[in-house]
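The values are calculated or read from the model by the stated rules, or taken from the named source; none is laboratory data. Because the structure is predicted, anything quoted here is derived from the model rather than measured. For neighbour counting, all protein chains shown are included, and Cβ atoms are generated from backbone atoms with ideal geometry for every residue, glycine included. Surface areas here come from the heavy atoms of the whole protein model, side chains and all, with no ligands, DNA or RNA. Shrake-Rupley method; radii C 1.70, N 1.55, O 1.52, S 1.80 Å.
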Amino acid sequence: MSSVDATALQDWAGAVLATQGVGSADAALTARLLVRTSLRGIDTHGIARLPGYVDRLASGEVNAQARPRTEETAPGWLRCDGGGGLGQVEATHAVEEALARARQQPLVACHIRATGHLGALAVYVAAAAEQGFFALLCQRTPPVMALPGANGPVIGNNPLAFALPATGRAPLVFDMAHSVVARGHVAQAAREGQTTIPPDWALGPDSQPTTDPVRALQGAMQPIAGHKGLGLAMLVECLAASMGGIAPEATSGTAGSAANASAFALVINPALATGREAFDASVAAWLQTYLQAGGPGARYPGQRQAVCEQQRSLDGIPLPPGLRAALHALGDRAGLPLPG
């Protein structure tokens, strides 16, 4: 598998987005977050998402010129309207607005509406933790998940991520969808020509478990831990939909990758909520207990991604054949050959 230099790939991705009318700053930001996602090893949600984003921009499903607007409707409660623009731009704006206010108060929440697909949530909460804050972010998706026997998808896989700073260590960063695997893994398997996936990943259009990735994309994802996964997805519905008054039919677009999604962000400033010293001591103590008890190879969430980011920054981002072909085709259409 060949690799592409991260900086060259980021510049190229930004230029491709600009061909769709995205402003230079927004294109550069979106490209940076997609590439950082790939650098951290979250390959299903990194540069692999660029062709889909370009298609949505070209169709007008995503507004290239949208400008997010945020207002504080109550103390510590923000509402951000993304205007149907790129999720990377809207989510970054919302989280930065929450961080700015959290420098003066312990806790700030923000409901985000009318935003494109956010990609991997990890990059937003990691950025907050790198500035010393705890952050949580969750996103409502169109229904893509069900238990065997359902009449169709019943709820989104509704990803959720959180991160917190760990003094002297990489931030703890946890990011998950509430399906057994993110739907992007099934799409990746189909794109790369794999003929089988594990039987607990997804249901076919007949609502029965399938090992065929193509049939899985026509059906639904299976939740983690059965009804418990559905319950956690409902938590995200409460925060990312109901807290903003979002009706079920308001989120549309390709399953699992809505063009007008809604989300919820929470930022806590430990220095104001608990005191920096007490917070840092508590995190250090329980992380040390976790790592010692876990044995020589123990890691906490986020460590693997941090190491991967360092390594890929040196070695480049690996592109499997199917993805490389898709990016080549995208570059040819844009008149911007894929680097490397």
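In terms of its C-alpha gyration tensor, the range 256-309 has an oblate overall shape, because the principal axis ratio a/c (a ≥ b ≥ c, square roots of the eigenvalues) is not below 1.5 and a/b does not outweigh b/c. Note on the chain: with a GNM built from Cα contacts shorter than 10 Å, the maximum mean-square fluctuation among 100, 15, 129 falls on 100.
Rounded to whole numbers, the Karplus 3J(HN,Hα) couplings from phi for the range 57-64 are 5, 5, 7, x, 5, 10, 8, 5 Hz, using 6.51 cos²θ - 1.76 cosθ + 1.60 with θ = phi - 60°, and x at Gly and Pro.
Only Cα pairs under 8 Å and at least 6 apart count here; give the relative contact order of the chain as a rounded whole percent.
Rounded, it is 22 percent for the chain.
Pairwise Cα separations in the range 120-267 fall into 5 Å bins from 0 onward with the following percentages, short to long: 2, 11, 18, 19, 18, 14, 9, 5, 2, 0, 0. Summarising the amide proton neighbourhood of residue 316: residues at separation of 5 or more, or on other chains, whose placed amide H is nearer than 5 Å comprise 6.
Peptide packing: for 295-301, 77-83, 154-160, 2-8, the average count of neighbouring Cβ atoms within 10 Å per residue gives the ranking 154-160, 77-83, 2-8, 295-301, highest mean first.
For residue 202, the residues 5 or more places off, or on other chains, whose built amide H falls under 5 Å of its own are 210, 222.
Computed with the Debye formula from one identical point scatterer per Cα of the range 1-136, without solvent, the log10 of I(q)/I(0) at q = 0.09 Å⁻¹ comes to -0.27. Here each label is just a point 7 Å from Cα along the line to Cβ, and for residue 243 and residue 77 those points are 1.1 nm apart.
Accessible surface calculations at 1.4 Å, restricted to protein heavy atoms, place the chain at 42 Å² per residue.
Ignoring ligands, DNA and RNA, please state the percent of accessible area on the range 195-310 from carbon and sulfur, probe 1.4 Å. Exposed carbon and sulfur together represent 61 percent of the surface.
For the chain, what is the per residue volume of the convex hull drawn over the alpha-carbon atoms, in cubic angstrom? Spell out each step's value before the answer.
On the way: hull volume 46.7 nm³, N = 340.
Roughly 137 Å³ of hull volume per residue.
In terms of accessible area, using a 1.4 Å probe and ignoring ligands and nucleic acids, 12, 286, 201 rank largest first as 286, 201, 12.
Based on the alpha-carbon gyration tensor of the range 265-340 and its eigenvalue square roots a ≥ b ≥ c, which shape applies: rounded if a/c is under 1.5, prolate if not and a/b is larger than b/c, or oblate? It comes out prolate by the Cα gyration axes. Based on Cα contacts under 8 Å between residues 6+ apart, the range 5-109 shows a relative contact order of 20 percent. Evaluated over the Cα positions of the range 82-163, the convex hull gives a direction-averaged projected area, one quarter of its surface, of 6.1 nm². Highest mobility in the GNM of the chain, judged by mean-square fluctuation with C-alpha springs under 10 Å and restricted to 278, 306, 233, is found for 278. With θ taken as phi - 60° and the Karplus curve 6.51 cos²θ - 1.76 cosθ + 1.60 applied, the whole-hertz 3J(HN,Hα) list for the range 130-146 is 5, 9, x, 10, 8, 9, 10, 9, 9, 9, 7, 10, x, x, 9, 10, 6 Hz, x standing for glycine and proline. How are the C-alpha pair distances of the range 11-90 spread across 5 Å bins, as whole percents from the shortest bin up? With 5 Å bins starting at 0, P(r) equals 3, 16, 24, 23, 14, 11, 7, 3, 0. FRET efficiency for the pair residue 281 and residue 3, taken as 1/(1 + (r/R0)^6) with r the Cβ-Cβ distance and R0 = 41 Å, rounds to 0.50.
Here the Kirkwood formula puts the hydrodynamic radius of the range 163-231 at 13.2 Å, using every distinct Cα pair. Taking amide H atoms as placed 1.01 Å from N in the peptide plane, the amide H of residue 144 lies under 5 Å from those of 154, 155, 156, 157, each 5 or more residues away in sequence or on another chain.
Per-residue Karplus couplings for the range 160-177, computed as 6.51 cos²θ - 1.76 cosθ + 1.60 with θ equal to phi - 60°, are listed in order as 9, 9, 9, 8, 8, x, 10, 3, x, 9, 5, x, 6, 9, 10, 9, 8, 8 Hz, Gly and Pro entered as x. Here residue 208 and residue 310 are evaluated by their C-beta separation; at R0 = 51 Å the FRET efficiency comes out at 0.75.
Helix content alone sets the calculated 222 nm mean residue ellipticity of the chain: runs of n ≥ 4 DSSP H residues at -39500 (n - 2.57) each, divided across all residues, give -12500 deg cm²/dmol. Working note: Cα atoms of the range 205-340, range along each principal axis, descending, whole Å: 54, 45, 32. Label zone (residue 290, point 7 Å along Cα-to-C-beta; backbone nitrogen cut-off 17 Å) within the range 153-194: 160-177.
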